[in-house]
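Everything below concerns the one structure shown next.
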Amino acid sequence: MLDGPEAGMVGYDAKADVKANSKLDVAVAGSVSGFVTRALISPLDVIKIRFQLQIERLCRSDPNAKYHGIIQACKQILQEEGLAAFWKGHVPAQILSVGYGAVQFLSFEELTEMLYRANLYDTHEFSAHFICGGLSAALATLAVHPVDVLRTRLAAQGEPKIYNNLREAVVTMYRTEGPTVFYKGLAPTVIAIFPYAGLQFSFYRSLKLAYDWVIPPDGKQTGNLKNLLCGCGSGVISKTLTYPLDLFKKRLQVGGFEQARSTFGQVRSYRGLLDCTKQVLQDEGTKGFFKGLSPSLLKAALSTGFMFFWYEFFCNLFRCIRREDR
């Protein structure tokens with residue numbers, strides 16, 4: 001019922017055969033998409049953050065390396081911190097995902113519609129989706145970045161914990177580091193999120209068109225699988241091209257939080273994005289820019305695939321409900 005030839009593209013489409021979703025539908029679909037996706041990929045996110053923050057090389061040959069592989073990291077975290085550790089920082093992460101999803105998809109729909117009505121260029125073109133996807137993600141980032149900092153701090157800490165819960169983290173960080181702490185890492189985040197999200201949306205559109213070219217639609221119920229596969233592909237491509245900036249963001253977000261990471265190995269302090277880039281290059285080499293890439297690509301594939309899958313699923317569900325009510 002929900003994935004036949006009527007299933008629409010993400011973004012405004014004046015030629016669509018079905019009535020567009022309301023703004024509330026779009027916001028709810030984006031929020032639910034973010035909520036479900038976050039719950040499913042949280043363990044990979046925790047591992048990715050741990051890898052990104054490790055100064056030592058991610059290999060067995062380095063005796064000081066706490067983590068050197070996904071499976072080894074899973075076993076060690078489970079042994080030392082328990083199963084719940086894979087969902088450390090999950091509450092702020094869910095707040096982040098729900099808010100981010102709503103703002104991102106709602107603003108993307110609005111921006112693509114605005115471009116169409118202004119006759120600037122066809123909203124189905126790669127460049128249009130890149131620009132609108134980047135802008136929508138930048139807006140969403142500005143709205144939820146403080147929650148992202150909280151999520152990173154909670155996921156990064158070991159045992160004993162510095163912050164026992166979200167409320168304690170907010171109060172302690174504000175008192176000890178001031179209000180600007182909640183915007184640490186904002187510069188690389190915004191710099192990275194624009195091309196990352198822009199590539200996500202544009203490649204998602206392009207991959208769906210390529211999928212239809214390779215496997216022409218024949219009326220069978222294959223839309224959900226297409227959405228999932230194309231979302232996974234767009235996630236892998238966009239994450240690979242923008243990964244170093246994500247690593248810099250995580251390093252900057254835990255600045256002033258070094259004592260909580262003493263059990264993980266070496267710690268570093270950075271004066272800003274350029275200093276972080278310079279230190280990583282000097283101390284860890286060019287490979288340091290891609291620490292945690294493996295779990296990050298796996299996470300990107302699943303999170304982006306699920307994000308578009310669930311978003312389109314719920315948008316189509318809302319359309320079906322609206323038709324049945326008429």
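The values are calculated or read from the model by the stated rules, or taken from the named source; none is laboratory data. Worth saying up front: this structure is predicted, and the values here are computed from it rather than measured. No Cβ is skipped: glycine too gets one built from the backbone with ideal geometry, and neighbour counts run over all protein chains shown. These accessible areas exclude ligands, DNA and RNA; they are computed on the full protein's heavy atoms, side chains included. Shrake-Rupley method; radii C 1.70, N 1.55, O 1.52, S 1.80 Å.
Determine whether region 295-307 contains at least one residue that is at pLDDT below 85, over 22 Å from residue 36 (Cβ atoms) and open to solvent by less than 50 Å² (accessible area, probe 1.4 Å).
There is no residue in region 295-307 that is at pLDDT below 85, over 22 Å from residue 36 (Cβ atoms) and open to solvent by less than 50 Å² (accessible area, probe 1.4 Å).
Could you list, in sequence order, the residues of region 86-118 that are among the small types (Gly, Ala, Ser), surrounded by 19 or more Cβ atoms within 10 Å (Cβ to Cβ) and over 13 Å from the mean Cα position of the chain (by Cα)?
89, 102, 107 - these are the residues of region 86-118 that are among the small types (Gly, Ala, Ser), surrounded by 19 or more Cβ atoms within 10 Å (Cβ to Cβ) and over 13 Å from the mean Cα position of the chain (by Cα).
Conditions tested, residue by residue: (1) farther than 25 Å from residue 152 by Cα; (2) open to solvent by less than 30 Å² (accessible area, probe 1.4 Å); (3) modelled with pLDDT of 80 or more.
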site	(1), (2), (3)
2	yes, yes, no
15	yes, no, no
39	no, no, yes
47	no, yes, yes
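Is there a residue in region 183-199 that is in a loop (DSSP other than H, G, I, E, B) and surrounded by fewer than 17 Cβ atoms within 10 Å (Cβ to Cβ)?
no
Given the condition outside any loop (DSSP other than H, G, I, E, B) and closer than 16 Å to residue 243 by Cα, answer yes or no: does some residue in region 22-40 qualify?
No, every residue in region 22-40 fails to be outside any loop (DSSP other than H, G, I, E, B) and closer than 16 Å to residue 243 by Cα.
With the condition kept exactly as written, say whether any residue in region 313-323 is closer than 30 Å to residue 24 by Cα, in contact with an Asp or Glu (Cβ under 6 Å, 6 or more places away or on another chain), at pLDDT 80 or above and assigned to a helix (DSSP H, G or I).
For region 313-323, residues closer than 30 Å to residue 24 by Cα, in contact with an Asp or Glu (Cβ under 6 Å, 6 or more places away or on another chain), at pLDDT 80 or above and assigned to a helix (DSSP H, G or I): present.
Quick one: what pairs do we get from region 69-95, first residue β-branched (Val, Ile, Thr), second in a helix (DSSP H, G or I), C-beta under 7 Å, 6+ apart or different chains?
70/47; 70/294; 70/295; 77/85; 77/86; 91/166; 95/147
Give me the pairs, please: first residue somewhere in region 180-197 and among the basic types (Lys, Arg), second residue anywhere and part of a helix (DSSP H, G or I), beta-carbon distance under 6 Å, and either six or more positions apart or on two chains.
Listed by first residue and then by second, the contacts come to 184/149; 184/252; 184/253.
On the phi > 0 side of the Ramachandran plot, of a type in the set (Gly, Ala, Ser) and open to solvent by 20 Å² or more (accessible area, probe 1.4 Å): does that describe residue 292?
No, not satisfied.
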